[in-house]
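Heads up, the thing below is written out as structure tokens.
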Amino acid sequence: MAKQLFGTDGIRGVPGEFPLDDATLFRAGRALGRYLRPNGGAPRNAAHSGPVLIGMDTRESGPHIAGELAAGLASAGVATASAGIITTPGVACLVRRRNFSAGAVISASHNPYHDNGVKLFSHEGMKFPDDLEEQLEAEILGGTIEPGKAEWLEADPKLDEEYIEFLRGCLLPGARFVDMKIVLDCANGAAYKLGPQLFRALGAKVIAINNAPDGRNINANCGSLHPEALQQRVVAEGAALGVAFDGDADRALFVSASGKFVDGDGVLLAAARYLKSTGQLKNGRVVGTTMANLGLERALEKDGLTLARVPVGDRYVLEEMIREGCNLGGEQSGHIIFLDDATTGDGLLTALKMASLVALRGPLDDLVAGFKVFPQTIRNVKVRSKPPLESLPEVARALKDAERALGSSGRVVLRYSGTEPKARVMVEAERPEDVERWAGAIASAIQAAVGT
């Protein structure tokens, strides 16, 4: 059954409007609480009986949303603790390391400030599985309870300290950052304080930009979606590395000393090469998504490694990693999972690993040498409904024509966004003109069939 509230990355929307209106948020907290304490009784798991940990990014709507969730949890007999402003993976980490029964993050990741959302994590620090989200949805949508008074949450500063200490323990053996100059674009988001704090504590010379959040400037022409200013700053400062986070810092993208942009595919290649060389890459396999560039697959093959593809969404990457016993996976967008260290994509952890590699093995350009990026484009088409794309005759015909023309020298991926009313068309090929031709043809077919 298709979920109505939970997309690939939690519940998203505009604060004050469904599904982020007070009543729905309260019922979401209550539904989570009733799951954790069935029938208002003993905890579902006595070993995981602690409060629910709530964290948020820097959006002005965060505290109110957190308060409504906390009120709903309280109505079900479940207490809450607050980490205040912290990264999404920071909550996942702390839930896993402490006796928290679950975690909730108030964030809309890379979206503008006027959006927000709720992401839920189990005691194991993993996103809830689809079937549990469906179960929570049924209770949320079927409820009629009116919200109570929003709770006021006081942040515990010791939680930040514990998360930073965990990250410091993930430094690659032998790596030293003393005198390394690093530029961090904090996206005016959750990493604005933690990012500079982490790297300065390790001896790096940190130049932090976009680190003055005001509640409304998160992701605004900065961060992982807008790396251009970071590229210029890295070159101007003569820095060894540039890092761009998104609003909740669960992803990180990079800029080399020469100003070259390196996305999640490049990170996977550099990390896979290092782990292979140290005998730590399990199964000789990296887990990516359908969006991973064909160039990554070819580069891994030259190194004797394979790429497994799964649907877009870091939860699906993690599920495949666990199923196949792999320890490295991620997405082109910068969600990278180092499973030996963490169960979620963590921008700060990824930045730490990449800075370690640069410190140990030289410039980032060299770490991704031989990676030929195939021209790729993504067209977003606003849609009024989401029927299976393959069921639309015009779309199926355009897709078949494209696949026949591209053969083994290109790929087409069609999917709906899990968080927005959009269809996404990804085409990659050896020749840019083929990319543009077929992306346009397929996008036009979708527009004609179900576009707004």
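The values are calculated or read from the model by the stated rules, or taken from the named source; none is laboratory data. These figures come from a predicted structure and were not determined experimentally. Neighbour counts are summed over all protein chains in view; Cβ atoms, including those assigned to glycine, are modelled from backbone coordinates with ideal geometry.
Where residues in segment 273-304 are part of a helix (DSSP H, G or I) and hydroxyl-bearing (Ser, Thr, Tyr), which of them is surrounded by the fewest Cβ atoms within 10 Å (Cβ to Cβ)? Quick ask: steps written out before the conclusion?
In the first step, residues of segment 273-304 are kept if they are part of a helix (DSSP H, G or I); the result is 273-277, 282-284, 294-302.
Keeping just the survivors that are hydroxyl-bearing (Ser, Thr, Tyr) gives 274, 277.
Numbers: Tyr274: 20, Ser277: 11.
Filtering first and then ranking leaves Ser277.
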Problem set entry | Every residue from segment 350-391 that is within 30 Å of Ala190 (Cα to Cα) and touching a Pro at 6+ places or on another chain (Cβ under 7 Å) | Lys382
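Could you tell me whether Arg251 is within 19 Å of Ser109 (Cα to Cα) and touching a residue at least 12 places away in the same chain (Cβ under 8 Å)?
On the way: within 19 Å of Ser109 (Cα to Cα): yes; touching a residue at least 12 places away in the same chain (Cβ under 8 Å): yes.
Yes, satisfied.
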Exercise. Can you name the residue in segment 149-167 that is in contact (Cβ under 8 Å) with a residue 12 or more places away in the chain and acidic (Asp, Glu) and is also surrounded by the most Cβ atoms within 10 Å (Cβ to Cβ) among such residues?
Worked result: Asp160
Exercise. Do any residues in segment 271-291 that are free of Cβ contacts under 8 Å to residues at least 40 places away in the same chain have Cβ atoms under 7 Å from those of residues that are among the charged types (D, E, K, R), where the two are at least six apart or on different chains, and which pairs are they?
Worked result: Lys276/Asp303
Problem set entry | Residue list for segment 398-416, filter: farther than 14 Å from Val450 by Cα and in contact (Cβ under 8 Å) with a residue 40 or more places away in the chain | Ala398, Leu399, Asp401, Ala402, Gly410, Arg411, Val413
Exercise. Among the residues of segment 133-146, which ones are assigned to a loop (DSSP other than H, G, I, E, B) and touching a Lys or Arg at 6+ places or on another chain (Cβ under 8 Å)?
Worked result: Gly143, Ile145
Seminar exercise, completed: Of (1) at pLDDT below 95; (2) part of a helix (DSSP H, G or I); (3) under 30 Å from Glu165 (Cβ atoms), Ile65 satisfies every one except (1)
For this session: State yes or no: is Phe100 closer than 22 Å to Ile336 by Cα, touching a residue at least 40 places away in the same chain (Cβ under 8 Å) and either surrounded by 18 or more Cβ atoms within 10 Å (Cβ to Cβ) or not assigned by TED's automatic domain parsing to the domain that holds Pro129 (or both)?
Result: no
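Would you mind listing the helices (runs of 4 or more DSSP H) fully within segment 305-415 where at least 2 residues are among the acidic types (Asp, Glu) and crowded, with 18+ Cβ neighbours inside 10 Å? Full working, then the answer.
Values: elements: 314-324, 347-361, 364-367, 393-406.
In segment 305-415, 314-324 are the helices (runs of 4 or more DSSP H) which contain 2 or more residues that are among the acidic types (Asp, Glu) and crowded, with 18+ Cβ neighbours inside 10 Å.
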Problem set entry | Answer from Thr344, Thr278 - the residue that is outside the structural domain of Val435 (by TED's automatic domain parsing), within 23 Å of the chain's Cα centre (by Cα) and of a type outside the set (Phe, Trp, Tyr) | Thr344
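So, in segment 168-187, exactly how many residues are surrounded by fewer than 19 Cβ atoms within 10 Å (Cβ to Cβ) and either within 14 Å of Lys353 (Cβ to Cβ) or charged (D, E, K, R) (or both)?
Going through segment 168-187, the residues surrounded by fewer than 19 Cβ atoms within 10 Å (Cβ to Cβ) turn out to be 168-176, 178-179, 181.
Filter again for either within 14 Å of Lys353 (Cβ to Cβ) or charged (D, E, K, R) (or both), leaving 168-176, 179, 181.
The qualifying residues number 11.
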